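What follows is a single structure, written as structure tokens, with notes after it.
Where a number appears in this text, it was derived from the coordinates with a stated rule and is not lab data. Everything numeric here is computed off the predicted structure, so don't read it as measured data. Note that we place each Cβ from the backbone using ideal geometry, even for glycine, and neighbour counts take in every protein chain shown.
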Amino acid sequence: MKNSIKVFAPATVANVVCGFDVLGFAVNEPGDEVTMNLTNEPGVKLLKIIGDGGKLPLATDKNTVSASVKHFLKHINREDVGVEIVLEKKMPIGSGLGSSSASTVAGLFAINQLMGNVLSAKELVPFAMKGEELACGFGHADNVAPALMGGFVLVRSYEPLDLISLPTPANLFAAIVYPEVDVPTKDARQMIRRNVLLKDAVTQWGNVAGLVSGLFLNDLDLIGRSMTDVLIEPVRSILIPDFPLLRQLAMENQAIGFGISGSGPSVFALAKDESTAKKITQTLQNHLKKLNINSHAYVSAVNAEGPKII
Ligand code: HSE
């Protein structure tokens, strides 16, 4: 069995506009890396975090990576194991791209490999959800499930957890732009209305079903028509500079659909190919530049494999 491993885990676009907490997909970049070594001294140690600008906690029980690795070892009755972890943040924190999820998933995938692959990717999801609970107060699965399983994933139910892998239309690309404004997931969750109108619920579940159908039918128009959110976006989009105009620009540049990635501030569009996706990110970045807002762009196919050993 191996004693040492380095793992990459992907960023994710949660919600996919209409599916708050129940839909998400993984992308090839950005993502995070975890290096893990087994040692003779029992216990989990987080040695170092690189690239977080001092923002993340190093304490074993507070950091989502070490805390979920500990939880996993307890579950498999291997608390005798010694683990040293180095986390390398390769993506922005608080960006709405599943930053905590990518770190946690890289750690869980690494320890599972080092222990001889005792659990499947799907079985690791509840452990990663504990990490999300630590990061934002609720163990939502719409980042960690696609980060672990790859592709598009539907969280059909939380209790009991029921995860469904959905097909990805060929050549589908994500155009993601992260404007450098601060939107912590915890705050972005607190601002959501707790009660919804029945007529809005009807619109929303029609769209979720439409999006899932569009993925199965390979119908890009149907996917685009379904990327509408009447519940969460109207509230959260206030935190994103010029959101309506960003949408207009994306749609004028042939986006299939456009919306907030996870809890924001990143926005994303789906596009029918890579060059369209690039044109969309360029246009959105140019606009943000005019507003004096720094931004980062990622153009990626949907990641089918989830975490990988590097
Ligand atoms: N579904 C979660 C939310 C994703 O929207 O709060 C957080 O990235």
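The ranking of 49, 232, 238 from fewest to most other beta carbons within 10 Å of each one's beta carbon is 238, 49, 232. Estimated at 0.36 nm per residue, the fully extended path between residue 205 and residue 254 surpasses their Cα-Cα distance by 15.1 nm. Relative to the 2.2 N^0.38 Å rule of thumb, region 1-135 has a C-alpha radius of gyration ratio of 0.99. By the Kirkwood approach, averaging reciprocal distances over each pair of separate Cα atoms, the chain gets a hydrodynamic radius of 19.4 Å. Report, in order of residue number, the helices in the chain meeting two criteria: a C-alpha extent of 27 Å or more along the helix axis, and a mean Kyte-Doolittle hydropathy of at least -0.5; treat each whole DSSP H run as one helix. Going by DSSP H runs, the hits are 198-217. Remark: spin-label model distance residue 310-residue 76 equals 2.2 nm, labels positioned 7 Å along the Cα→Cβ axis. Among 158, 298, the order by Cβ neighbours within 10 angstrom, fewest to most, reads 158, 298. A simple spin-label model places pseudo-atoms 7 Å from Cα toward Cβ; at residue 45 and residue 122 they are separated by 3.8 nm. Find the centroid of the Cα atoms in region 230-262 and in region 91-117, then give the distance between the two in whole Å. Cα centres, region 230-262 to region 91-117: 28 Å.
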